[in-house]
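Here's the structure we're looking at; comments come further down.
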Amino acid sequence: MSYAAVHAPAVAAAARATGLTRVYGAGETRVVALDSVDVEFGRGRFTAIMGPSGSGKSTLMHCMAGLDAITSGSARIGEVELTALKDRELTRLRREAVGFVFQAFNLLPTLTAYENITLPMAIAGRTPDRAWVDRIVHTLGLADRLTHRPVQLSGGQQQRVAVARALAGRPEIIFADEPTGNLDSRSGAEILGFLRESVHGLEQTVVMVTHDPVAASYADRVVFLADGRIVDELHAPSADAVLDRIRRSEGRARTS
Ligand SMILES: Nc1ncnc2c1ncn2[C@@H]1O[C@H](COP(=O)(O)OP(=O)(O)OP(=O)(O)O)[C@@H](O)[C@H]1O
Ligand SMILES: [Mg+2]
């Protein structure tokens, strides 16, 4: 075995959950949104998360990204244990290591597209890497929209700005919650192609929630959630294999 193979650390996960549990409310309104989830998101991989509405997909993304509190268990970004961080350290980690694409875009209406894209870096006092931002902006077809404000952009363009913002600071990991949920199939395919390219060509790490088997087929791996637990996964998924998996679980739900 080569020196590198012996001495290289085991391929580090970009993020990892162990026994991750999130309980909302108490008494009659108690909801176990995540029930002891163990999952790893490999560095340089594109992972899709699927599952019925209410199965805990957004909660998992929010807990892993340090946007929501964890009831018990562990969540790590790289080697950093989120539950061990103070609020300020968590804010900093979120800003520096995590990109998040919210389903509702969350763009600031008074800023231009370019200002929105570079806002997280401006807040962190970091200078944007112009060449990298240019590459993202060109690939996403936003070059001639940079001085527009969100109201002057179509929904698809706003979504692309939100994706550019998540990628602009080269975070260690990008979480995207249904990034193509509101897009026509062509804009959706462009975003998915770009996410895949950013993983395989630009060495980013992406975790994406989707309800769409075609969107999931862009990923390297699909993880299925049900009732706050991981129930299955597929590697190198085709849209047909994903659809088949969903149909089988729906069949089980009907007969049980
Ligand atoms: N802040 C909250 N307070 C109370 N319950 C919550 C809260 N957020 C989520 N839940 C509950 O936790 C469960 C998981 O919700 P979550 O948003 O993670 O589902 P999801 O898989 O993302 O669903 P969808 O596909 O509809 O977006 C649901 O039963 C939901 O009602
Ligand atoms: Mg959700």
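Please treat every number below as a calculation from the coordinates, not as lab data. Keep in mind the model is a prediction, meaning the values are calculated, not measured. Please note: Cβ atoms are built from the backbone with ideal geometry, for glycine as well, and neighbour counts cover all protein chains shown.
With K and R counted +1 and D and E -1, the other residues having a Cβ less than 12 Å from that of Arg221 yield a net charge of -3. Out of all DSSP beta bridges with both ends in the chain, state the antiparallel percent to the nearest 5. Just about 55 percent of them are antiparallel. Over all other residues within a Cβ to Cβ distance under 12 Å of Pro150, the charged ones net out to +3, with Lys and Arg as +1 and Asp and Glu as -1.
Build a GNM of the chain with springs between Cα atoms under 10 Å apart, and of Arg45, Arg92, Arg186 the one that fluctuates most is Arg186.
Taking Val137, Val207, Val151 in turn, the Gaussian network model of the chain (Cα-Cα springs below 10 Å) assigns the largest fluctuation to Val151. About its Cα centre, the dipole of the range 67-159 is roughly 140 debye, where the only charges are +1 on Lys and Arg Cβ and -1 on Asp and Glu Cβ.
Among Gly42, Gly27, Gly56, the largest mean-square fluctuation in a Gaussian network model of the chain, built with springs joining Cα atoms closer than 10 Å, belongs to Gly27. Dipole magnitude for the chain: computed about the Cα centre from +1 point charges on Lys and Arg Cβ and -1 point charges on Asp and Glu Cβ, it is near 260 debye.
Taking packing as the residue-averaged number of other Cβ atoms within 10 angstrom, the listed peptides 152-161, 59-68 run from highest to lowest as 59-68, 152-161.
Each other residue within a Cβ distance under 14 Å of Ala48 adds +1 if Lys or Arg and -1 if Asp or Glu, for a net charge of -1.
Over all Cα atoms in the chain, the spread is summed up by Rg and Dmax: 18.6, 58 Å.
Against the longest principal axis of the chain, how steep is helix 130-139, in degrees 0 to 90 to the nearest 10, with axes from Cα atoms? Approximately 70 degrees, to the nearest 10.
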